[in-house]
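Data first, discussion second: the structure below is written as structure tokens.
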Amino acid sequence: MRDKWWFPVVYMFVMTSFFSSIVIGFSQVTGARVEANEHLAFEKAVLSVLPGLFNEGTSRSELHRRFVERVSSPDKKTGDAYTLKDSGQTIAYALPISGQGFWAPIKGVIGIKADLRTITGIAFYEQNETPGLGAQITKNTFRSQFQDKVISSAGKSLNMKRPSDMLGTSDVHAVTGATQTSARLERIINDALKKWLSEFAQTNGEGRTQ
Amino acid sequence: MNAGPEISQAFIVCISAVFTQNILLTYFLGLCPFLGVSREVKTATGLGFAVIFVLTSTCMLNWLVYHYVLVPLNLEFFRFILFIIIIAAFVQLVEMVLDRYSPFLYQQLGVFLPLITVNCAILGASLFMVIRDYSFIVAVGYGFGSGLGWFLAIIAMAGIRQKLVNDRIPQGLQGPGITLIIAGLMALAFMGFSGVLQAR
Amino acid sequence: MAFGVCSNEWGGPDTVNKKPDARKIIIDGLWRNNPVFKQVLGICSTLAVTNLVLNTVVMCVALIFTLSLSAATVSLLRKFTPRNIRMMIETLIIGFYVIIVDLVLKAYWPEMSTNLGPYVGLIITNCIVMGRCEAYGNTNPPGPAFLDGFFNALGYSFILLIIATIRELLGMGTVLGYPMPYFSGPYWDKWIIMVAPPGAFFMLGVVTWIFRSIEIRREHNTK
């Protein structure tokens, strides 16, 4: 049988369908989980920039429950930001930000207190920066710098300074060795904040008091 | 769709694929043939041209297949196998066409074509293109730029290695060792280009 | 598809058609015929992630899984596979295991999956996988083929782990993300170059140099 001309064709066909069906079956099993992971990555980013909602080691289902219960969906009034409310009072906003990073789009969330000035945190749920360099933006050492920084009213909202520079209230240190990622991220953040704040002022008819 | 910004983005991606994010010197793709076939400038040139051609064409083909076949069918994870099969089939086809119609080109490039299927730079460029979500025009620019970057790197390396032939190199460092260290120096030099494209 | 350029460029001994002997397979894979410094094969797909130890570990586990199982599968089917489509079948089998790894990572460790980016998929074109399937799996029974694949991958992994540990330590002052004494302190000026691509080339060059020199000395002494 092995000498027949059709044997290689049939053999190839049988092998391909055999392995393909296993892979397709396997992907059906994991498919739902992969999709859930994508949603969860976003929800986790939102929770981690809002005060008091996120701690390490929380289970997946608990994270999802918190997101559904505590975070209100964005609407026109909040300028497309998610909001955290406590007994009707807005505590903080979580504004999704995105833009082109060094290699691929960076997507993240930045948290701002109800005073529209103080940053509560920043998190990223999609990025493809260089591992060990640009990808350090997802590490706590970089992200925790943003907490309690104040959006500056003049010039750039937030500044990324060289790692050796002194920091003011609106400055954070850039990632060492990742100039490009830092420059682009600075731009993404500032564009998003500027746009959001002006929209917010328009829809709510009140500028930021300075 | 407005093609203007697309084309300018394709151009920028192309230039950055040649210099700032050279597929060989920053991603280490296509390292095996780079180490193996960089002894002489002449052979390196032949292989380099073949890589530029195949990389650009397979990037296009794979983009079309990915976006018009795999995405609608929801079989994105199948791309690993499909891409490599397309690459292999394309290389085979080119070889046959060249053999039939252009004996001259076949003589120049023919021997290198089979090596290309196992060149990870080809598959790597296709995979990067998918991950970074490039549009078709940008993907073509990226494919061409990556090929050109690889070409430049291997020719530079072949030139350097030809000069090294008569130098005395410690025995353990001969061959791959010294080639890798030269590649490191080249990567260092190429890092200097990173200021060329500032954040926009 | 040809491996001429990949497999014997630097002249490593091949293990075709020898009587299977577990001890020999292990020593060959780990040292005498080590994929990295002896055969100089398949470094492309993994070198890029060696700036972090954790990424390297995951990548190496993926490689060990793919290489040992695909060598065994190729060997299982060796009596049936027609010679002219052998390469296609091998690609299919390797691709199959790579997709499994990719799907598992995506579902259960999404962060790692994004960290590794396209490099998991690139295991398919990793010459060492195809090379071992061709040179050993094709002509030997499944058991030894599995062992051969496993220890080749292990020999490959240990070199890459050495490189990754040094790169992460010198470049970031950490190992596996944990700060190391002295290196993470203020007295150690971090060598950013180690985390950047040139660092990988330098480290691999130096490691190849050291191990080859040891090997040359050993051969010299036994003669």
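Overview of results
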item: The lone exception for C:Ser68 - which of (1) surrounded by fewer than 20 Cβ atoms within 10 Å (Cβ to Cβ); (2) over 30 Å from A:Glu126 (Cβ atoms) it fails; result: (1)
item: Neighbours by Cβ (under 9 Å, 6+ apart or cross-chain): first from segment C:73-97, farther than 19 Å from B:Leu82 by Cα and within 13 Å of chain B (Cβ to nearest Cβ); second open to solvent by 10 Å² or more (accessible area, probe 1.4 Å) and in a helix (DSSP H, G or I); result: C:Asn84/A:Pro8
item: Odd one out for C:Pro118 among (1) open to solvent by less than 50 Å² (accessible area, probe 1.4 Å); (2) more than 27 Å from A:Ile106 (Cβ to Cβ); (3) of a type outside the set (S, T, N, Q); result: (2)
item: Any hit, segment B:28-50, residues being under 26 Å from C:Leu116 (Cβ atoms), in contact (Cβ under 8 Å) with a residue 24 or more places away in the chain and outside any helix (DSSP H, G or I); result: yes
item: Count of segment A:33-54 residues which are more than 17 Å from A:Thr138 (Cβ to Cβ) and either modelled with pLDDT of 80 or more or among the polar types (S, T, N, Q) (or both); result: 7
item: Cβ pairs under 9 Å, 6+ apart, first in segment C:104-116 and more than 9 Å from chain A (Cβ to nearest Cβ), second assigned to a helix (DSSP H, G or I) and open to solvent by 70 Å² or more (accessible area, probe 1.4 Å); result: C:Met112/C:Leu54
item: Condition broken by C:Phe150, with the remaining ones in (1) open to solvent by 50 Å² or more (accessible area, probe 1.4 Å); (2) without any contact (Cβ under 8 Å) to a residue 24 or more places away in the chain; (3) under 30 Å from C:Ser70 (Cα atoms) satisfied; result: (2)
item: Residue within segment C:77-89 that is surrounded by 20 or more Cβ atoms within 10 Å (Cβ to Cβ), of a type outside the set (S, T, N, Q) and at pLDDT 85 or above present; result: yes
item: Test: residue in segment C:53-62 that is open to solvent by 20 Å² or more (accessible area, probe 1.4 Å), more than 20 Å from C:Ile216 (Cα to Cα) and touching an Asp or Glu at 6+ places or on another chain (Cβ under 7 Å); result: no
item: Test: residue in segment A:20-35 that is open to solvent by less than 70 Å² (accessible area, probe 1.4 Å), assigned to a helix (DSSP H, G or I) and in contact with a His (Cβ under 7 Å, 6 or more places away or on another chain); result: no
item: Residue match in segment A:122-137 (condition: open to solvent by 70 Å² or more (accessible area, probe 1.4 Å), under 26 Å from A:Glu56 (Cα atoms) and of a type outside the set (Ser, Thr, Tyr)); result: yes
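The values are calculated or read from the model by the stated rules, or taken from the named source; none is laboratory data. Remember, predicted model here, so these are calculated numbers, not experimental data. So basically every Cβ, Gly included, is an ideal-geometry build from the backbone, and we count neighbours across all protein chains shown. Note: areas computed on protein heavy atoms with side chains; ligands, DNA, RNA excluded. Shrake-Rupley method; radii C 1.70, N 1.55, O 1.52, S 1.80 Å.
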